[in-house]
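The values are calculated or read from the model by the stated rules, or taken from the named source; none is laboratory data. Fair warning: this is a prediction, and the values are worked out from it, not measured in the lab. Here the Cβ is made from the backbone with ideal geometry for all residues, glycine too, and neighbour counts use every protein chain on show.
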Amino acid sequence: MLLELERTAKTDSSAIARPRSKKPFPTWKMIVGAAVLAVAVLYCFTSNANSAAYQLEFNTTSEIPFKEELARIAYLVVENRDGTIEMFEDNRFGSAFIDRRCTFRFSIPSPAPKRIFFSPAPNDQVVEITGARAMRLRDSQLIQIPLEQIIPHRQVEVISRTPNSLLLKTLPGNQPPTLELKWETPPGFLSGKSSTFSRILLVIGFAGAATWLLMLCLRSQNSTAHPLGFSPFKIAQFGAAAALILTMAAITKFNAHPDEYLHFEAAKYFVTNWLPPALDDPAVEASFSHYGVSYLQDLDVAYFVIGKLMAVAPSWLADLEIIARLCNVLFFIVLTGWLIYRLPRSYAPSILLISPQIWYVFSYVNGDALALVISLVMVVQLADNTSLLSRYLRAEGWRTGYSGAVLFAVLLALLLMAKRNYYLFLPFIGLVAFWQPFMSVTKGTLVTAARKWAVIGMTAAILYFPIRIGHEAINKFDDARIRVEQGEKFAAPRFKPSELAAGTGAQRLNLRRQGVPYTDLFAQYNWGNQSFQSFCGVYRWMSLNGPPEYYRVMGALYAIFLGFILANICRLSWRDGLFAGAVIGLCASIVLISAYQSWIADFQPQGRYLFPILPMIAFLLHRYRESLRSWVFNMLFGCLFACSVYSFVFVGLRNIPK
């Protein structure tokens, strides 16, 4: 094995010594060029909207129920100055409680319309408007609108009116009941200083990046293509999975999936913004859940990426909610295609085919999908001997092949800005970083590797901490206090921080403080069984389960699957068996830590919290692919795929509201 690695290193060294004109252009430079180009394009598409748009907000109270897939709906009708009529719809959802309060928000493009009409509720309903305000999206400037400037227009009867309340009843009729907003836009409210100089620079950067990227593509035409060693049957499986994911995204009702409206509101913020918001920014109020928290309170790159993809997607393609879903569908398609191309003849890409819950995560708006993508890209860098990271670690000095260090540092920084449960993937990276040089017989290998990994860690810190400090600065380095204040403002009864501190909060929160032993999570609360089922396929708001027989079959297949992996790896050597055992131990720790989180915070036995296990198993599948290759293992993958298709189609697609 050592001779083979040395031979590979010599081959790489000879490749570096070739003439510059014949060397294939590094992939990372292509990626950087594409990223620069994408940023310029996104700015060109969104800069005008950011400087000339505002949002109207109406605070209402009514008895109209809403929960999960059942939304409260309001409309805004605008008459433009050219005589055209536009209608805007806003859906507001609830999650685990029914609240009489609701805030409707409508984005108004400039120039300001001639007349504005608001339809707060369906016919024959009693509703109270408790506030109205306008917010300029460019800088979140707020202007309160007096309720006296909201007057009946059609099929509306005013019951009572005070300076802080407008109680009315919508009347029966053939048209939507409407109120007219007699509000003149304040002078200068829509105007904003446009940075002409910065736009000129970005246009120049856009042209330069496009030219540079085109030259890179032309120079890389002579590079040798990677051999494609995957079978058409495997391609068909991935194609079927992608088709099912796209179907789920396209036909199911919005918010028929866990917290989708909250994920959507978080991503929607970045359609017109580039920097993360302050926690008390009025623009993010729509993203607060009944827990009194928002997905925008953490640095999560997924919502930024989805928001910017939503910003550039054409409006004729689909509704904005569907476009947000299509972003995750795109992640799955690009990831699977790249994995198959990058790891031919490997079982690692097939890890995406062993559970329908993986497909489900890619079919609706959430932040988990991109975190899984990042972790699997990191696995390729760790497992493949031809990756940029592997070449950097094999190089003689820490400066040689530094692009591999930069690429992995970027991935590390992105992982730190992803879902927090993927922090549990970091110990696995440390295990691989230590194990590979530790098992080498070359003197000084461990010290050299430690230095190179230190360079990677410092580079990742240089990339991550300025962003983290900037986010803290936006919140004036007082985010703890602001979180509590926002929690008190937006949390539902029994979920407010004051109630939790007093011990009068919901029973499912902080079971440890209530005296529940940790072991009772498994013995009495059935945490293990619920987590396993949701890892194998539970849909809607974690309320749509398959038949018990399905989960028994999946459990048996997973047991055989892991047993087959361990048996074949341990057969190679005690060192390989020890490494595989350490990986399985890390997987078990993820299960225990997830249960611990349900014990000290909110009791949520969800299988997606266990997804950091998937890239770890993918690493084993690639590293020991030759010893695992057999018809038995192929049959196991086939059975897991068939069961996943059954659950996704006949449990998920069949029963989720359309």
Quiz prompt | Yes/no for Asn366 being more than 22 Å from Pro258 (Cβ to Cβ), among the polar types (S, T, N, Q) and either buried (at least 24 other Cβ atoms within 10 Å of the Cβ) or in contact (Cβ under 8 Å) with a residue 60 or more places away in the chain (or both) | solution = no
Quiz item: Pick from the range 627-658 the residues that are under 26 Å from the mean Cα position of the chain (by Cα) and not in a helix (DSSP H, G or I): which of them is surrounded by the fewest Cβ atoms within 10 Å (Cβ to Cβ)?
Solution: Lys658
Exercise. May I ask you to list the residues in the range 349-363 that are outside any helix (DSSP H, G or I) and under 13 Å from the mean Cα position of the chain (by Cα)?
Key: Phe362, Ser363
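Inspect all residues belonging to the range 149-168 and state whether any of them is assigned to a helix (DSSP H, G or I), modelled with pLDDT of 90 or more, over 30 Å from the mean Cα position of the chain (by Cα) and polar (S, T, N, Q).
yes
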Quiz prompt | Qualifying positions in the range 293-308 - modelled with pLDDT of 90 or more and either within 11 Å of the chain's Cα centre (by Cα) or among the hydrophobic types (A, V, I, L, M, F, W, C) (or both) | solution = Tyr295, Leu296, Asp300, Val301, Ala302, Tyr303, Phe304, Val305, Ile306, Gly307
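So in the range 335-348, with the set limited to residues that are among the aromatic types (Phe, Trp, Tyr) and in a helix (DSSP H, G or I), which one is modelled with the highest pLDDT?
Trp338
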Quiz item: In the range 162-183, which residue that is surrounded by 15 or more Cβ atoms within 10 Å (Cβ to Cβ) and charged (D, E, K, R) is nearest to Ile73 (Cα to Cα)?
Solution: Lys169
Self-check item: helices (runs of 4 or more DSSP H) (entirely within the range 542-626) containing at least 2 residues that are within 20 Å of Tyr525 (Cβ to Cβ)
Solution: 548-570, 574-600
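Select from the range 632-643 the residues that are within 15 Å of Ile354 (Cβ to Cβ) and either modelled with pLDDT of 95 or more or among the hydrophobic types (A, V, I, L, M, F, W, C) (or both) and list them in ascending order. Outline the logic, then answer.
So the first thing to find is which residues in the range 632-643 are within 15 Å of Ile354 (Cβ to Cβ), and the list is 633-643.
Of everything in the range 632-643, those that are within 15 Å of Ile354 (Cβ to Cβ) and either modelled with pLDDT of 95 or more or among the hydrophobic types (A, V, I, L, M, F, W, C) (or both) turn out to be Phe633, Met635, Leu636, Phe637, Cys639, Leu640, Phe641, Ala642, Cys643.
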Practice problem: Could you please find all residues in the range 500-518 being part of a loop (DSSP other than H, G, I, E, B) and surrounded by 11 or more Cβ atoms within 10 Å (Cβ to Cβ)? | Solution: Thr504, Gly505, Ala506, Arg508, Asn510, Leu511, Arg512, Arg513, Gln514, Val516, Pro517, Tyr518
